[in-house]
Structure formats: C-alpha cells, structure tokens
Amino acid sequence: MRPPVLPALLLALLLPLLALSASPSSAKRGQRRAETEQVILSVAEGGAVPPAISRLRFLREEAYAADEIAEVLRKVLDERPRRNLVAVLAGLETRAAEHTLARLAGDDDSAVRMYAAQGLARLNSRNTGVLLPLLQDKSSGVRKEAARALGASRNAKMGVPLLKAAKAEPELEVRAVMLAAVGDTGDAKQAAALKSFLTSDSESTRFAAARGLCRLGSQDGFAFAGKLLGSQDRFVRRQGLELYEGVSAKKAAPALKPLLEDKDRALAAGAARILYQGGEAAMLDWLVLASWNAKGEEKLAYEKELETLQLQDDRRKAILRKAGVAK
C-alpha cells in the first residue's frame, strides 16, 4: 500500500524550514553527528582504525559514536569489520562505551575480547567480573589486556587473582604485565609475594616485579630501581627510571627530584614527566621552560616528553607568558 501523498509532501516542505529555524549550535552538532555516522560507516566498510579514532575525537561526539557503533555491531557479521569497530570503540575512551565493551569481553572472537579489555582498561573500569575469566583465556593477547584492565581498575581485591595467574602464566611477556598490574591494584599485602619474583631467572619477570613493588610504594622496589639508577651505563639508568612509571610523585620524589640536575638531560626530562604524571603539576612548567632555554639534542629530549604528554600549544604559551619569557 502506497503512503498518502499529502503528508509526505508536507514533510518535504517543512524539513528545510525546520533546518533554517535550528540554532547555529544545533546545526553544527547535527553536522558533527552526520560526519560521525559517516566515519563509523567507513570503518564498517573496511576503513582504517587510527584515523577514524582521531577524527571521532576531533568531532567530540564520542558518546554518540559509542551508541552508533553498538547499533552497527548488531548488524555487522564479518570478522574484520567487527574487530575494527570494536577497536574504534575501545579507542574512544568514553564511559558511554563501557556497557558494550563489557558485553564484548565475552565475545567468541579472541580479537574482539582483546580490544574490549583494552577499552575497559582505558576507562579504569570497575567491571572486574567480566575481566577475571579472561586471565585464563586461550589467547595470550586477551590474558595480557585483561591483566592490564584489572590493574587499571585500582581494585585491591584483584591483587590476589592477578598474582595467582602470574604464577601459572607460561608466557613471560604476559606474566610481566600481570606482575606490574598487581602493583596497580594497590594491594600492599601482595608485596612479599612480588618480592619473591625479584630473584627470577627471567629479566623481564624481575623488572615487572620491581615495577609492581614500586607502584605499591615498597622499599624493595625502590631499592631495585636505585641500583639501576646508580649505574654508569645510561641505558641501565633509564631502565631504573622506567620503574617509576605510574608511581605517585610523593613516593617517587626522593629518587627522581635529584635527577632533574643530572647531566643526562634525557633522564632529567623523563624524571620531570613522570613526576608530573604522578601529580606534581609544577613539573610541566619545568619541562616547558627547560625546552625554551635548551638547544640541539637537549631540546629534543624535553620535546619528546612534552609530546608524550600531548601538550597543547595554548597551554605552552600560557606557561611561557606566566614565566615572562614570551608574549
């Protein structure tokens, strides 16, 4: 049966008027959402993931994109586009994606499970119930990402299952992630068990245990890192610095503050960045001003750390103006 002509005609006449009556902000939002839909469609049709994530973030419609991807996933059955769509969903880092990611953590496709765990880790999701079974997943990639996500949950109750999984884990790379994740949970009761891994035959296992201990604020971890920082080899010293990644500035300051004067400016810049990420806001100003005053390779060392922080130009200019070195 054909639809009545008159209502259809009226609708056709009214749509342009409605578009004209919309506020400029509403019109722009409509344009952004239309482009969001096009980006998602391009991924479903085989488009690349990284540029899609970048564009969706630029449009600032992450929550809308998450809802749209959830709908598209119900209709897409082919393996590759499904995986790509979930990878985009994980990369959006929006709380609106959490429910869908939690559901996908139980998907039949191991790549989908892996991307889902990655997304939950980026959200510091407390939805640990869907992640715990993945510590015994047949895919090493899934086990690794699940461990990261459980650590990122900052749930101290996850320390025990992570340590148990690490003891049974056959792959060194996955075991390392699990041990470091124990430290992320904040479960200080696991410090003694982590310490036992410091004598492992595997270097990656020793380093991961030390990283976990440092994140727990354990003196055993800091002592391990201190020995590396005291080396004459600059690469060994940088390994020691890496152990402080993710440690609060308050706990890291005694070891890292002296490094700000180190002759190895790459080490100094890295120490400043870690302190800033650990909560010492003044270290961002320190990095910006150090870069402003530096030349050649030294400047590159500071800029590398600022790039890691994704410092915006307007923020940099504000810091320089505050210091009185730029207009």
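Given the structure, is Arg148 in a helix (DSSP H, G or I) and either hydroxyl-bearing (Ser, Thr, Tyr) or in contact (Cβ under 8 Å) with a residue 24 or more places away in the chain (or both)? So Arg148 fits the description; yes. Kindly indicate whether Glu45 is surrounded by fewer than 16 Cβ atoms within 10 Å (Cβ to Cβ), over 21 Å from the mean Cα position of the chain (by Cα) and closer than 17 Å to His99 by Cα. Against the criterion (surrounded by fewer than 16 Cβ atoms within 10 Å (Cβ to Cβ), over 21 Å from the mean Cα position of the chain (by Cα) and closer than 17 Å to His99 by Cα), Glu45 does not qualify. Scanning region 262-308 for residues that are closer than 20 Å to Leu243 by Cα, open to solvent by less than 40 Å² (accessible area, probe 1.4 Å) and not in a helix (DSSP H, G or I) gives Asp262, Asp264, Gly278. Taking the criterion of being in contact with a helix residue (DSSP H, G or I) (Cβ under 6 Å, 6 or more places away or on another chain) and small (Gly, Ala, Ser), the residues of region 37-63 that qualify are Ala44, Ala52, Ala63. Counting the residues of region 288-327 that are more than 22 Å from the chain's Cα centre (by Cα) and either of a type in the set (A, V, I, L, M, F, W, C) or under 14 Å from Arg273 (Cβ atoms) (or both) gives 14. Please enumerate the residues belonging to region 244-254 that are open to solvent by 40 Å² or more (accessible area, probe 1.4 Å) and either in a loop (DSSP other than H, G, I, E, B) or hydroxyl-bearing (Ser, Thr, Tyr) (or both). Those that are open to solvent by 40 Å² or more (accessible area, probe 1.4 Å) and either in a loop (DSSP other than H, G, I, E, B) or hydroxyl-bearing (Ser, Thr, Tyr) (or both): Glu245, Gly246, Ser248. Being closer than 30 Å to Arg83 by Cα and at pLDDT below 95 is a description that does not apply to Arg2. Scanning region 5-42 for residues that are at pLDDT 85 or above and open to solvent by 70 Å² or more (accessible area, probe 1.4 Å) yields Lys28, Arg29, Gln31, Arg32, Arg33, Glu37, Gln38, Leu41.
With the condition kept exactly as written, say whether any residue in region 150-166 is open to solvent by 20 Å² or more (accessible area, probe 1.4 Å), under 29 Å from Pro51 (Cβ atoms) and modelled with pLDDT of 95 or more. So far as region 150-166 goes, no, none of its residues is open to solvent by 20 Å² or more (accessible area, probe 1.4 Å), under 29 Å from Pro51 (Cβ atoms) and modelled with pLDDT of 95 or more.
Of the residues making up region 51-74, those that are open to solvent by 60 Å² or more (accessible area, probe 1.4 Å), more than 24 Å from Arg103 (Cβ to Cβ) and part of a helix (DSSP H, G or I) are Pro51, Ser54, Arg55, Phe58.
Quick check on my filter: what residues within region 119-139 are part of a helix (DSSP H, G or I) and open to solvent by less than 40 Å² (accessible area, probe 1.4 Å)?
Gly119, Leu120, Ala121, Thr128, Leu134, Leu135
Across region 133-153, the number of residues qualifying as more than 22 Å from Leu172 (Cβ to Cβ) and either touching an Asp or Glu at 6+ places or on another chain (Cβ under 7 Å) or hydrophobic (A, V, I, L, M, F, W, C) (or both) comes to 0. Evaluated against (1) over 22 Å from Arg154 (Cβ atoms); (2) at pLDDT 95 or above; (3) open to solvent by 30 Å² or more (accessible area, probe 1.4 Å), Glu93 falls short on exactly one condition, (1). Are any of the residues in region 68-78 touching a helix residue (DSSP H, G or I) at 6+ places or on another chain (Cβ under 7 Å), of a type outside the set (A, V, I, L, M, F, W, C) and under 18 Å from Glu93 (Cα atoms)? Looking for residues that are touching a helix residue (DSSP H, G or I) at 6+ places or on another chain (Cβ under 7 Å), of a type outside the set (A, V, I, L, M, F, W, C) and under 18 Å from Glu93 (Cα atoms), one finds at least one in region 68-78, hence yes.
Listed by first and then second residue, the pairs linking a residue in region 181-209 that is more than 16 Å from Ala225 (Cβ to Cβ) and of a type in the set (Lys, Arg) to a residue that is modelled with pLDDT of 95 or more and surrounded by fewer than 17 Cβ atoms within 10 Å (Cβ to Cβ), with Cβ atoms under 9 Å apart and 6 or more places separating them unless they lie on different chains, are Lys189/Ala156; Lys189/Val160.
The values are calculated or read from the model by the stated rules, or taken from the named source; none is laboratory data. Fair warning: this is a prediction, and the values are worked out from it, not measured in the lab. In this analysis, Cβ positions are derived from the backbone assuming ideal geometry, glycine residues included, and neighbour counts consider all displayed protein chains. For the accessible areas, the whole protein counts, side chains as well, though only heavy atoms, and no ligand, DNA or RNA atoms are used. Shrake-Rupley method; radii C 1.70, N 1.55, O 1.52, S 1.80 Å.
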